[in-house]
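To start, the structure itself, in structure tokens.
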Amino acid sequence: GDNAYMAMPYAYFTAASSIAIAVIMAILGSFEDIGVFRLQQLQGMHIRLPFSTILLSISLLSMAGIPPLAGFVAKYLLIFSLVATNMPIFLVAAFIASLFFVVCAAYSFRLIKISFSPREDVSRLEERKSDLIPLAILVLTLILAGITPTPFLWTFGR
């Protein structure tokens with residue numbers, strides 16, 4: 001009944017967030033393998049590892065809640081379900097969640113900006129397709145779940 005209906009946005013939010021976080025952590029881990037340990041060392045990453053940087057950026061944009069990615073749908077459903085209850089405690093929770101979403105977006109944009117900022121002393125590195133294919137599939141899932149969320153919601157609503 002109502003409990004299952006209310007659980008769907010949370011399940012969608014958890015799934016979308018988990019996928020995005022998995023991609024982000026995998027790519028940042030691969031950046032560590034080449035000696036990137038600080039934010040400023042991400043400069044020029046779009047030249048060194050272009051596909052990894054694009055996958056990272058899409059995942060960060062999803063975490064930031066930018067349409068048409070799954071993160072936007074997840075955050076919309078979460079806030080909508082909290083506000084729809086019309087209970088003061090859930091309205092406060094929706095407001096606080098919105099503030100956290102803004103902070104998440106700010107950090108996501110900062111990482112993307114640094115990754116695409118120019119750096120002169122960089123050269124392109126070889127990216128292993130075997131590492132990128134699973135991550136690309138996950139990022140494609142974030143895109144598809146944002147463009148057509150209904151099949152994904154139906155899956156969670158069973």
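Brief remarks on what is shown
- The set of residues from the stretch 32-66 being in contact with a Phe, Trp or Tyr (Cβ under 9 Å, 6 or more places away or on another chain) and surrounded by fewer than 16 Cβ atoms within 10 Å (Cβ to Cβ) comprises Phe37, Gln41.
- In the stretch 74-91, the condition of being part of a helix (DSSP H, G or I), under 19 Å from Leu140 (Cβ atoms), at pLDDT below 95 and not hydroxyl-bearing (Ser, Thr, Tyr) is met by at least one residue.
- Residues that are in contact (Cβ under 8 Å) with a residue 24 or more places away in the chain and part of a helix (DSSP H, G or I), drawn from the stretch 111-133: Leu111, Ile112, Ile114, Ser115, Asp131, Leu132
- When the stretch 16-72 is filtered for residues that are in contact with a Pro (Cβ under 8 Å, 6 or more places away or on another chain) and over 24 Å from Phe101 (Cα atoms), the ones remaining, listed by number, are Gln43, Gly44.
- Taking first residues from the stretch 31-49 that are closer than 16 Å to Ser117 by Cα and assigned to a helix (DSSP H, G or I) and partners that are aromatic (Phe, Trp, Tyr) and modelled with pLDDT under 90, no Cβ contact under 6 Å between residues at least 6 apart in sequence or on separate chains turns up.
- Among the residues making up the stretch 134-158, those that are over 19 Å from the mean Cα position of the chain (by Cα) and not in a helix (DSSP H, G or I) are Gly157, Arg158.
- Taking the stretch 99-150 as the range and being under 22 Å from Ala11 (Cα atoms), of a type in the set (S, T, N, Q) and surrounded by fewer than 16 Cβ atoms within 10 Å (Cβ to Cβ) as the test, the residues that pass are Thr148, Thr150.
- Any chance Ala26 is in contact with an Asp or Glu (Cβ under 9 Å, 6 or more places away or on another chain) and assigned to a helix (DSSP H, G or I): yes
- Scanning the stretch 58-73 for residues that are without any contact (Cβ under 8 Å) to a residue 40 or more places away in the chain and either part of a helix (DSSP H, G or I) or over 15 Å from Pro149 (Cα atoms) (or both) turns up nothing.
- Meets criteria (under 16 Å from Ala22 (Cα atoms), at pLDDT 95 or above and not aromatic (Phe, Trp, Tyr)) for Ile133: yes
- Residue in the stretch 81-91 that is small (Gly, Ala, Ser) and touching a Pro at 6+ places or on another chain (Cβ under 9 Å) present: yes
The values are calculated or read from the model by the stated rules, or taken from the named source; none is laboratory data. Keep in mind that what you see is a predicted model, and the values were worked out from it rather than measured. All Cβ positions, even for glycine, are placed from backbone atoms using ideal geometry, and neighbour counts span all protein chains on display.
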